[in-house]
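Note sheet for the following structure.
The values are calculated or read from the model by the stated rules, or taken from the named source; none is laboratory data. Given the structure is predicted, the values throughout are model-derived calculations rather than measurements. Every residue, glycine among them, receives a Cβ derived from its backbone with ideal geometry; neighbour counts consider all protein chains shown.
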Amino acid sequence: KSAATRLVADDLRDSLAVARKKYKMGRALAAPQIGAPVRIVFVQMDKQRWTMINPEITDVGRDDFLVWDDCFSFPNLLVRVTRAYQITVSYTDPKGKQHTMELEGPMAELLQHEIDHLDGILALDRASGVDPFAFRSEWEKVHEPGDRYGPPKPREV
């Protein structure tokens, strides 16, 4: 809505393009990753793009899944984390319109990861299980890309 918001959103878009080219990965970037202390996330999946202002998880499903998470903050490392398999996210777009999205699987994981950045939390802080860290180069020698996501399982209380 404001000129400052547009500048941050444009910087996120451009920074994601540069990072994707450099690291051959990445679907989103959060404003704190580029030094902007605001709650904005830019997501690009294939040809779809979203600029999410003040995104908030408003509901979480009953199932969790394990994910080998990657991040531009530590591009050579994968971290095993537990994430909710289904979430509902509310956000405002740059034109001031409110949106609600129901997400599952990899897209739900992605938004949880980015919202964590907005809250000052890294995947490293959510490491889960025995041996939760792997160098990307070593992990990729023995796994397929689809192996990054485990099946959904009921959340342990």
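Computed values, structure above
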quantity	calculated
Some residue of the range 53-70 being closer than 30 Å to ASP10 by Cβ, in contact (Cβ under 8 Å) with a residue 60 or more places away in the chain, part of a strand (DSSP E or B) and in contact with a Gly (Cβ under 9 Å, 6 or more places away or on another chain)	yes
Any chance ALA19 is surrounded by 13 or more Cβ atoms within 10 Å (Cβ to Cβ) and not in a strand (DSSP E or B)	yes
Unique residue being out of contact with any Leu (no Cβ under 9 Å at 6 or more places or on another chain) and surrounded by 13 or more Cβ atoms within 10 Å (Cβ to Cβ) when the list is ASP59, ASP46, ASP69, ASP64	ASP64
Criterion (buried (at least 17 other Cβ atoms within 10 Å of the Cβ), of a type outside the set (D, E, K, R), out of contact with any Lys or Arg (no Cβ under 8 Å at 6 or more places or on another chain) and part of a strand (DSSP E or B)) met by exactly one of VAL89, VAL81	VAL89
Count - residues of the range 131-156 that are loosely packed, with under 11 Cβ neighbours inside 10 Å and either assigned to a strand (DSSP E or B) or touching a Leu at 6+ places or on another chain (Cβ under 6 Å) (or both)	1
Breaking point among (1) touching a Cys at 6+ places or on another chain (Cβ under 8 Å); (2) surrounded by fewer than 17 Cβ atoms within 10 Å (Cβ to Cβ), for ALA123	(2)
Meets criteria (touching a helix residue (DSSP H, G or I) at 6+ places or on another chain (Cβ under 9 Å) and assigned to a helix (DSSP H, G or I)) for VAL8	yes
Condition met for ASP14 (at pLDDT 95 or above, in a helix (DSSP H, G or I), within 23 Å of GLY96 (Cα to Cα) and of a type outside the set (Val, Ile, Thr))	yes
Flag if VAL41 is part of a strand (DSSP E or B) and either without any contact (Cβ under 8 Å) to a residue 24 or more places away in the chain or over 26 Å from GLN98 (Cα atoms) (or both)	no
